[in-house]
Amino acid sequence: MELSTIKDAFDRVAKKQRLSSSKTQEVIDQIIREIEQALVKMHDPTLPMDQKSILTELNNKLNEMGPVNQLEGSQKELNVALSKYAKLLDKSFNPDISKAYRNIDFDIHTINQIIACHFYRLGLFDLGDCFIYEAKEPEAITQKTPFLEMYKILEAMGSRNLEPALNWASANRDCLIQNGSSLELKLHRLQFVEILQNGSRSDALKYARTYLAPFAPLHLAEIQKLMACLLWAGRLNSSPYSELLSPIHWEKLSEELTEQFCSLLGQSSESPLSVAISAGVQGLPTLLKLANVMAAKKQDWQAMKQLPVPVDLGREFQFHSIFVCPVSRDQGSEENPPMLMPCGHVLCKQSIVKLSKSSTRTFKCPYCPLEATVAQCRQLHF
Amino acid sequence: MEVEPSLPNGDSAATVTTAASVPSSRMNNLAESLKLEHQFLKVPFEHFKKSMRANHRIVEKEMSTVISSVAEAANRDDMSKEEAVHHLTNLVSRLQGLKRKLEEGSKAENLQAQRCRARLNHLEAAEAENLSEWNNTRLRRILVDYMLRLSYYDTAVKLADCSNIQDLVDIDVFHEAKKVIDALQNREVAPALAWCADNKSKLKKSKSKFEFQLRLQEFIELVRADNHLQAITYARKYLAPWGATHMKELQRVMATLAFKSNTECPKYKVLFESKQWDYLVELFKQEFCRLYGMTLEPLLSIFLQAGLSALKTPFCFEEDCTKEDPLSQESFRKLAMQLPFSKQHHSKLVCYITKELMDTENPPLVLPNGYVYSTKALEEMAKKNDGTVTCPRTGLVCNYSELVKAFIS
């Protein structure tokens, strides 16, 4: 698709529209002029004409001018440009993207809940409130409270106040550790660096003893590095550790906190609505092609249980391991799991049973010369 | 680019092609997704076209009135001089009024042309570098579209204002719809009929029966109020012309004269129910969308369905489904219930630990218990723990050397 061609076509429309409207103005002015001239003649006592002949003369002039016909030309040109642009739009874009839409009960109430949650998790609280009021979904307000807390913490971090974040992290210490996150330590590190830079060395030391020491068993190297920073208290920027002062740590930690906060709420780090819509934008072109093909073959789009072709999405949408047997093309499942042969190639169980004539004999791997028996194959878990 | 002589040629060629193919596929994706933006350009264009037509119609009408009134005056014999002067002066001021009107009209037209252009520019601005921001804007556009279609106007305006996308959404177009919908909800049909008259030729072309339905409803209201004579006069005037195409419905409605509004006969009872008005609102929304070249369903529903179909796998419904998958959430699962599952032709394996794709760059390794993780994850684990790895799902501890590579095509 060439956007520049489309823009050119539109420029032509705009130009013809300007031409046509200036032409209209011109014609109206012409008529006004003619009438005004007739009026002047009527007021002129030296002229030997009566009003009737002046009016007849005016009428003849106007008919001769043919104002309506004069406009037709520019209108025609405008219409040509308009229909060309409209055709170009229809040709360059997909004029009906609802062809792959299934006429199912797509519950508005559920969609509204999802949207309300989306607004709140983006911190658009006023908007969310306005929405649930207008959409009459008052119970969706329950989704607001946790995100209010999150944005309070983030806002405080924005003004370099770590206290709410630290309180939250210590209250949720066990969950964070279970997630494999060292968020709490990172927050303390940031606080320590702040004290080191703005406060006294003894304050920093005291802080380290109270808050950093408990992390020593797991993060010894990190703590040692921070302790070394004490030597440069107040002039950390000229030390080997000046990197610790970079504002990027604040940004990164805000991101990590958002991620962890959402995770503890049982939510994804990205808004699920935006993930689903992005997947839809990527998948829809394929689905539309498919719907067209199926319509041509008179196959039923509305009832099928599985799409007949794969819809390729980017790897950011790959949330699950999907094993497809290279022999049978079946998708792995609990009844038909993937099996590892001694050579390292993987087939699904049913294919292996088939190759081994119901587990009665050894068979050759379809991908390499090695032979195997069913007993040597191992089930895999992805 | 200089190729180091020590590198085998094949290798360097391979890296060059993969580096080039990734962005090109992304650009291809982008081009495909831009093709979905028909409505985005079509709606402001239809709006623009509509104002142009309306303005032109005013000019034509006024001009022919002026000309014919001059002709009429010229044909009269009994006109005094004063009368003639007065007549012509009137015509001049009338034309001046038309000029003023046109100036206003062309101001509005220019704004609409600007909007069309702003949208073209917006599409052109989508590039690989700003894609995530552009996608965010797209989501907001889609959400505004949803709000407008469900008549959540305040939210629509607020969202458009706070995202600064007023030119990229159709709030003003829907403003026109709002008047009609509000009136229908108050059981008034006049604005809807005026709208039909405004768009007569287009509605006729699409064989719309919206106007007929409005007339039927007005008739029903007369019957409800027991104004039978008036109802009959109304039917003669407004319903009869539809006889040729909609005789059955016409007959059915006429029968209500016999049954009255308190009838228990189900066939006629339904005609008096208040949900008939809701139906008129729905019908109007459909006609309205069709007229402007919009999809009949909200964009949000279309994209959401497509996305959920593409994402839906049997694994999404298992208990240990990752939170990152929208289908791990009950609400999304509910929406996806009646949608088809996606299909895969090739294996796509995601490492349980790092969530990264396992491919030839990062091949899958099998633990003695059959659990599979990516090389990257296990290597790092082994490095930290003196060469041993621990299976995060079963707790099995084994040596890195016990792992075997799996080949998955």
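The values are calculated or read from the model by the stated rules, or taken from the named source; none is laboratory data. Just so it is clear, the model here is predicted, and its values are computed rather than measured. Note that we place each Cβ from the backbone using ideal geometry, even for glycine, and neighbour counts take in every protein chain shown. The accessibility values were calculated without ligands, DNA or RNA, using every heavy atom of the protein model including side chains. Shrake-Rupley method; radii C 1.70, N 1.55, O 1.52, S 1.80 Å.
Observations on the model:
- Per-residue 3J(HN,Hα) values for segment A:326-335, derived from phi via the Karplus relation 6.51 cos²θ - 1.76 cosθ + 1.60 with θ = phi - 60°, read x, 8, 8, 6, 7, 7, x, 8, 5, 6 Hz in sequence order (x marks Gly and Pro).
- For segment A:144-265, the dipole from Cβ point charges (+1 on Lys and Arg, -1 on Asp and Glu) about the Cα centre works out to 380 debye, to the nearest 20.
- Using θ = phi - 60° and Karplus 6.51 cos²θ - 1.76 cosθ + 1.60, couplings along segment B:357-362 (whole Hz; Gly, Pro as x): 5, 9, 9, 5, 6, 9
- For the residues of A:336-345, the average number of beta carbons from a partner chain within 10 Å of their own beta carbon is 3.
- Rg over Rh, two decimals, segment B:352-393 (C-alpha only, Kirkwood Rh): 0.93
- Put simply, the amide H of B:Tyr373, placed in the peptide plane, has neighbours under 5 Å in B:Leu365, B:Leu367, leaving out anything fewer than 5 places away on its chain.
- Sequence-distant residues sharing a close amide H with A:Val324 (under 5 Å, placed H): A:Gly332, B:Ser347, B:Lys348
- Centre-to-centre, using Cα atoms only, segment B:196-247 and segment A:333-370 are separated by 71 Å.
- Ordering of A:222-229, A:211-218, A:13-20, B:324-331 by burial proxy (mean other Cβ atoms within 10 Å per residue, highest first): B:324-331, A:13-20, A:222-229, A:211-218
- For the segment B:333-340, counting C-beta atoms of other chains within 10 Å of every residue's C-beta and taking the mean gives 5.
- Degrees between helix B:243-254 axis and first principal axis of chain B (Cα, 0 to 90, nearest 10): 90 degrees
- Nearest-10 value in Å² for the accessible area of B:His56, using the 1.4 Å probe: 30 Å²
- For segment A:320-381, the relative contact order comes to 30 percent (Cα pairs under 8 Å, sequence separation of at least 6).
- Long-range amide H partners of A:His345 with built H, under 5 Å: B:Phe407
- Rounded to the nearest 20 debye, the dipole size of segment A:320-381 about its Cα centre is 220 debye, using +1 on the Cβ of Lys and Arg and -1 on the Cβ of Asp and Glu.
- Lysines with Cα under 30 Å of A:Lys186, excluding same-chain neighbours fewer than 8 positions away: A:Lys144, A:Lys152, A:Lys206, A:Lys225, A:Lys252, B:Lys323, B:Lys355, B:Lys376, B:Lys383, B:Lys384
- GluC sites (Glu not before Pro) restricted to segment A:1-85 and DSSP loop, no more than 13 other C-beta within 10 Å: A:Glu2
- For segment A:260-310 versus segment A:96-171, the gap between their alpha-carbon centres in whole angstrom: 23 Å
- Dipole in debye (nearest 20) - segment B:121-192, about Cα centre, beta carbon charges: Lys, Arg +1; Asp, Glu -1: 400 debye
- Restraint check, B:Lys200/B:Lys275; A:Lys91/A:Lys289; A:Lys7/A:Lys289; A:Lys76/B:Lys49; A:Lys7/B:Lys42, Cα-Cα greater than 24 Å: B:Lys200/B:Lys275; A:Lys7/A:Lys289
- Look at the stretch A:84-92: the mean tally of other chain Cβ atoms within 10 Å of its residues' Cβ atoms is 3.
- Dividing the Cα radius of gyration of the protein assembly as shown by its Kirkwood radius returns 1.10 for Rg/Rh.
- Each of B:Thr137, B:His87, B:Tyr371 was placed along the dipole of chain B (beta-carbon charges, centred on the mean Cα), and the one lying farthest toward the positive end is B:His87.
- Accessible area of A:His320 in the full protein assembly, 1.4 Å probe (Å², nearest 10): 20 Å²
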